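The values are calculated or read from the model by the stated rules, or taken from the named source; none is laboratory data. If you're wondering where the values come from, they're calculated on a predicted model, not measured in any experiment. For neighbour counting, all protein chains shown are included, and Cβ atoms are generated from backbone atoms with ideal geometry for every residue, glycine included.
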Amino acid sequence: MQLLNTLYITTADTYLHLDNDTLRVEVAHETRLRVPLHHLSSVVSFGHAGISAPLMHRLAEDGVALVLLDNNGRFKARLEGAT
């Protein structure tokens, strides 16, 4: 049995990219983290983070939830694929 994880993005001015089958996290144009998409069940972003459109489409296709929160942790939006 495989455990699926939640990726929390808390660093300001972070940008998330789709890089083949990997989610790539960039801070100040420097790659800080790469996570294979098949290991994720959700991504939670606090504050201002940029997210590429191809990544949002891929997360929806794979059923990986994307939750957007403001700087104080208040709910803003949720993207989830077909259920």
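Which one of these is closer than 16 Å to Thr6 by Cβ and exposed (fewer than 15 other Cβ atoms within 10 Å of the Cβ): Arg34, Arg78, Arg74?
From the options Arg34, Arg78, Arg74, the qualifying one is Arg78.
Restricting the first residue to segment 57-83 and requiring it to be over 18 Å from Asn20 (Cβ atoms), which pairs with a second residue that is in a strand (DSSP E or B) and among the polar types (S, T, N, Q) meet a Cβ separation below 8 Å and a spacing of at least six or different chains?
The qualifying pairs are Ala65/Ser41; Ala65/Ser42; Leu66/Ser42; Leu66/Ser45; Val67/Ser42; Val67/Ser45; Leu68/Ser45; Leu69/Ser45.
Every residue in segment 12-31 that is in contact (Cβ under 8 Å) with a residue 24 or more places away in the chain, crowded, with 16+ Cβ neighbours inside 10 Å and not hydrophobic (A, V, I, L, M, F, W, C), please.
Thr14, Tyr15, His17
Within segment 37-61, can you find the residues that are among the charged types (D, E, K, R) and surrounded by 14 or more Cβ atoms within 10 Å (Cβ to Cβ)?
Across segment 37-61, the qualifying residue is only Arg58.
Go through segment 32-63 and report how many residues are assigned to a loop (DSSP other than H, G, I, E, B) and over 23 Å from Ala12 (Cβ atoms).
The qualifying residues number 1.
Does Ser45 count as on the phi < 0 side of the Ramachandran plot and at pLDDT 95 or above?
yes
Suppose we filter segment 16-31 for residues that are in contact with a Lys or Arg (Cβ under 9 Å, 6 or more places away or on another chain) and part of a strand (DSSP E or B); how many remain?
Within segment 16-31, residues that are in contact with a Lys or Arg (Cβ under 9 Å, 6 or more places away or on another chain) and part of a strand (DSSP E or B) number 10.
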